[in-house]
Protein chains: 2
Amino acid sequence: MPPRFHAPHLTVDADQLTLDGEEARHLTRVLRLGAGAELRVFDGRGLEREAVVEAAGRGVVALRLGRRVNAARELPFALTLVQAVLKGDAMDGIVRDATMLGVTAIQPIVTDRSELSIATLERRDRRERWQRIAISSAKQCRRAVVPAVVSARGLADALERSRGSTMLMLTEPSAGVAGPPVCAGDRIPAGAHVFVFAGPEGGWSEQEISQAAQAGARFVTLGDRTLRAEAVALIALPVLLFAWGEL
Amino acid sequence: MPPRFHAPHLTVDADQLTLDGEEARHLTRVLRLGAGAELRVFDGRGLEREAVVEAAGRGVVALRLGRRVNAARELPFALTLVQAVLKGDAMDGIVRDATMLGVTAIQPIVTDRSELSIATLERRDRRERWQRIAISSAKQCRRAVVPAVVSARGLADALERSRGSTMLMLTEPSAGVAGPPVCAGDRIPAGAHVFVFAGPEGGWSEQEISQAAQAGARFVTLGDRTLRAEAVALIALPVLLFAWGEL
C-alpha cells in the first residue's frame, strides 16, 4: 500500500501539488522517500489521488498528480463524538481511535467532573494537537476524510448545539438511567447527524444527566461492568455502528 | 463503592482472612486504609464477600469476613482471547481491557510476524506481569472472576488446543478472507467455549490463514478500514458480545 499524505489544497483537476511543513518532513525525513516514489494524497474531505514525487528538497516536495482513486467508504450520516476531556494523554488515543472508527467530528467538552478548564485547554493548544492526531490517524487507517476537532465547550453548550439531532449519552450502569437497549436493526437515516456523548473519569453529575434528558438525549448503557473512561468511546462506537448496520 | 481486594484463598464459610503481599500493600500504602475500613474480597473464581479490616500491619492485613455478595454477572460460556503478542507495552492494555470486557482466559501467542519469541517472553516473566494486570483490572471493573493468562505458545499449538470449539479469527479487510458477517442473533450455547484470535501488527501470514482455515476457524472482518493491532480486540470483543446478546 503506498504511503498517504494530507494535502488540504488538493483539487480534482490540478496536475501538480507541493507538500510542505509536517507532511514534507514526514515524506523526506521519516519515510525517506525521494524522486520517483509513488504515493497518495488526500484532501481530508474525501478526495484522494495518486501522485509521484518529482523533487524532494528541504521541507518542500513537488508532486505530479495522477488519477483519482476511490477513497475508503464513509458513513452515510454525520457522527460527532462529544467527549469529555480526560486526564493526561488519554484524549490522544480517543481522537486517534475515533478517527479510525469513522467519526466525522470530535467535540471535546468540559464537564462538572473534568479536571481541566476550557482556558487551560486553549492555552495548551490542545485542539491543534488533537487535530494533528486526527490527520495522522486518517493517514494510517486510509480514510480520505479527516474529522474536524472543534474547540472545547461546556456540556450545556454542546447539548444546545446538537438539539434536534439524535443525541446518545453513554452512561455507567451505576447511573441507573439506561434508556431502551441498543438494537441491531436501528437505522440512522442518510444525511442525519448523530451526537454520541462520552463522560469523564468520574462520570456525569446528576445535574448533567437531567440537563441531557431535558435536551432530548437518549441514555445508553453498554453491559453491566464499569468501563474505563478511556475505553468507553472505543467500545461504544463499534457497537453502535454494528447495530446500525455500518460495521 | 467499597474497594475490592483479590484473595485467592477466600472461602464461602471462613470468618477471617489474612491479606499479604501486593494486596496488603495496596490496602495500607496506596489506599491508606486501617482498622474498621469496609471492603470486599473476591477469590478470582466468582466468590465475593464483604469484609472489615481488623488490623493492618506491615505487609499483613487481618480481615473479618461478612456476608457473600452477588458478584458481577459473567458470560454463560467460556471466552478465550488468543492474542498475538504486540510490541512494547501494548499487551498490557489489551489484557486490562479484555478483562474488563469479560473474557475468561487470555492466550498470548507468537506468530510468523511477531517480533518476540516464546523464550524471550518467558525470560522476561511477561505471563506473570499480564496476570497481575488482569487481577488489577478485575478489581477495578468489579468482576469477581480473574481471567487466567496462560503461557505463550505458537499459533499452530493454540489452534490445535481449540479444535472442536468455536474459533473466530479476526482478519484485516486486505487479507480478503472474510467469512460470513457477524450477525446479531447469533447465539453461543451456554457452556460452550469460544476462541477469538487477534493478530500481530503485520497481520497473519498466508500460511497462518490457511492453517486456521484447516483447523476450522471462521474468519471475521470488522468494517473496511485498517484497524490498529492494539485496538482490534477492544473493538471486536464488544461487537461480538453485542451480536451474541451478551452486552
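For region B:149-202, how many residues are β-branched (Val, Ile, Thr) and more than 17 Å from the chain's Cα centre (by Cα)? Explain how you work it out, then say what you get.
Keep residues of region B:149-202 that are β-branched (Val, Ile, Thr), which gives B:149-150, B:166, B:171, B:177, B:182, B:188, B:194, B:196.
Still in the list and also more than 17 Å from the chain's Cα centre (by Cα): B:166, B:171, B:177, B:182, B:188.
Of the residues in that region, 5 qualify.
Say we look at region A:175-195 and pick out the residues that are exposed (fewer than 14 other Cβ atoms within 10 Å of the Cβ) and within 14 Å of chain B (Cβ to nearest Cβ); which of these is nearest to A:Ala105 (Cα to Cα)?
If we take residues in region A:175-195 being exposed (fewer than 14 other Cβ atoms within 10 Å of the Cβ) and within 14 Å of chain B (Cβ to nearest Cβ), then A:Arg187 is nearest to A:Ala105 (Cα to Cα).
Restricting to region B:47-103, give me the number of residues that are within 14 Å of another protein chain (Cβ to nearest Cβ), surrounded by fewer than 21 Cβ atoms within 10 Å (Cβ to Cβ) and of a type in the set (A, V, I, L, M, F, W, C).
Number satisfying all stated conditions: 4.
Under the condition of being touching an Asp or Glu at 6+ places or on another chain (Cβ under 7 Å), at the interface with chain B (Cβ under 7 Å from one of its Cβ atoms) and in contact (Cβ under 8 Å) with a residue 40 or more places away in the chain, which residue from region A:223-239 is nearest to B:Ala138 (Cα to Cα)?
Only one residue tops the list, namely A:Thr226.
Restricting to helices (runs of 4 or more DSSP H) lying wholly in region A:118-173: which have 2 or more residues that are touching a residue at least 40 places away in the same chain (Cβ under 8 Å) and within 14 Å of chain B (Cβ to nearest Cβ)?
In region A:118-173, A:126-141 are the helices (runs of 4 or more DSSP H) which contain 2 or more residues that are touching a residue at least 40 places away in the same chain (Cβ under 8 Å) and within 14 Å of chain B (Cβ to nearest Cβ).
Looking only at region A:57-116, count every residue that is of a type in the set (Ser, Thr, Tyr) and not in a loop (DSSP other than H, G, I, E, B) and tell me the total.
So the count comes out to 2.
Being buried (at least 20 other Cβ atoms within 10 Å of the Cβ), within 11 Å of another protein chain (Cβ to nearest Cβ) and in a loop (DSSP other than H, G, I, E, B), is that true of even one residue in region B:196-215?
Within region B:196-215, none of the residues are buried (at least 20 other Cβ atoms within 10 Å of the Cβ), within 11 Å of another protein chain (Cβ to nearest Cβ) and in a loop (DSSP other than H, G, I, E, B).
Only one of (1) of a type in the set (Val, Ile, Thr); (2) in contact with a Leu (Cβ under 8 Å, 6 or more places away or on another chain); (3) not assigned by TED's automatic domain parsing to the domain that holds A:Glu115 is not met by A:Val103, so which one is it?
(3)
Residues are listed down the side, and each one gets a yes or a no for (1) acidic (Asp, Glu); (2) under 30 Å from B:Phe242 (Cα atoms); (3) touching a Gly at 6+ places or on another chain (Cβ under 9 Å):
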| position | (1), (2), (3) |
| --- | --- |
| B:Phe5 | no, yes, no |
| B:Asp15 | yes, no, no |
| B:Val52 | no, no, yes |
| B:Ala78 | no, yes, yes |
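Test A:Arg218 against the stated conditions and say whether it is surrounded by fewer than 20 Cβ atoms within 10 Å (Cβ to Cβ), assigned by TED's automatic domain parsing to the domain that holds A:Ala178 and touching a Pro at 6+ places or on another chain (Cβ under 8 Å).
Yes.
Taking region A:1-46, which residues are more than 27 Å from B:Arg225 (Cα to Cα) and either hydrophobic (A, V, I, L, M, F, W, C) or within 14 Å of chain B (Cβ to nearest Cβ) (or both)?
A:Ala14, A:Ala35
I'd like the residue in region B:104-132 that is among the hydrophobic types (A, V, I, L, M, F, W, C) and surrounded by fewer than 22 Cβ atoms within 10 Å (Cβ to Cβ) and, out of all such residues, is nearest to B:Val239 (Cα to Cα).
B:Ala105
If you take the residues of region B:150-174 that are surrounded by fewer than 18 Cβ atoms within 10 Å (Cβ to Cβ) and small (Gly, Ala, Ser), which of them is nearest to B:Arg225 (Cα to Cα)?
B:Ser174
The values are calculated or read from the model by the stated rules, or taken from the named source; none is laboratory data. The shown structure was predicted, so the numbers you read here are calculated from the model rather than taken from an experiment. Neighbour counts run over all protein chains shown; Cβ positions are idealised from the backbone, glycine included.
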